[in-house]
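Working notes, structure below.
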């Protein structure tokens, strides 16, 4: 089987390659989403914790 | 019925987070290897079909996606039931994390089926029992996601979602047996029947490779989703603070 025959898929190239292409895109998206979400959550939580610490320090100073 | 204490211990958020973190690579790497092997055998090694020519190669995506669409639904419903009965938070999180992945596979099964149907049946879509029940499955997933998104309290959202998922389980045997109960344009079972599979070994191998790869893919991605959700829900716990602090 030659390369061009492979891509031609016996005349069904449009159907076969759009099936595989779509599956690739959807599965990649589903896989990457939680990686990005995790990074974002960690970033948000780090800010939140820092703010809390600052507030605690301020309160401690105010009491003194 | 009470669950043994060990179940609660291992399903505690912290344990789940640590253990799943170790498990994910063990699912993800074999998944990648099996995917490459499946694509090689499916697209290059397997011969063309004597009736369908090369177009049949779509089944290596279509059939595993359709199997996953039903399997993930069952996981979602069972996890939902466990959350409902034993109030295990992790089960609720797994149910919610499964829904988008299940919806994605249902969508893929429908679209790849359509892309195969056009050249083979001459129609993108027919209102046949198999296709219609699979479309209902997609709506069940979307309904579950929308319902949970509309309820703010996580415990109430989990409960409502679980009830919806459990009611929708009735659709699963309908999908599976639709090709027997009604005269459908969609073909009958080829692999999942008691008789010998009526598919040649050269086509069965890539199909099974892809099917196992898809299962591992689901396992890895549902755990990744559950872990993110866990960090968000447990953000006031000390162990989450430690993880965030250690993350560069």
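Please treat every number below as a calculation from the coordinates, not as lab data. Every value quoted in this text rests on a predicted model; they were computed, and no experiment measured them. All Cβ positions, even for glycine, are placed from backbone atoms using ideal geometry, and neighbour counts span all protein chains on display.
What the table shows:
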item	result
Pairwise label distance in nanometres, residue A:62 with residue A:26, each label 7 Å out on the Cα-Cβ vector	5.4
Cβ-Cβ FRET estimate between residue B:189 and residue A:43, R0 fixed at 41 Å, reported to 0.05	0.30
The range B:154-248 shape via C-alpha gyration tensor axes, a/c threshold 1.5	oblate
Förster radius 30 Å - calculated FRET efficiency between residue B:145 and residue B:85 (Cβ-Cβ, nearest 0.05)	0.85
Two-decimal ratio, the range B:18-246, of alpha-carbon radius of gyration to 2.2 N^0.38 Å	1.12
Relative contact order, percent, the range B:18-246 [alpha-carbon distance under 8 Å, six or more residues apart]	34
Euclidean distance between Cα centres, the range A:14-38 to the range B:103-131, Å	18
Distance from the range B:167-188 to the range B:1-68 (C-alpha centre basis), Å	24
Choice from B:70, B:203, B:120 showing the highest fluctuation, given a GNM over chain B with Cα pairs closer than 10 Å	B:120
10 Å Cβ neighbours from other chains, averaged over peptide A:31-42	6
Three principal axis lengths of the range A:3-63 [C-alpha, angstrom, descending]	81, 17, 10
Principal-axis tilt of helix B:13-40 within chain B, Cα atoms, nearest 10 degrees	20
Spin-label pair residue B:51/residue A:3, simplified geometry with 7 Å Cα→Cβ offset, distance in nm	3.6
The protein assembly as shown: Rg to Rh, with Rh as the Kirkwood radius over Cα pairs	1.05
Gain upon complete extension [residue B:118, residue B:233; 0.36 nm per residue less C-alpha separation]	36.9 nm
Shielding of A:45-58 by partner chains, average beta-carbon count, 10 Å	2
Shielding by partners - mean other protein chain Cβ count within 10 Å, residues of A:24-30	5
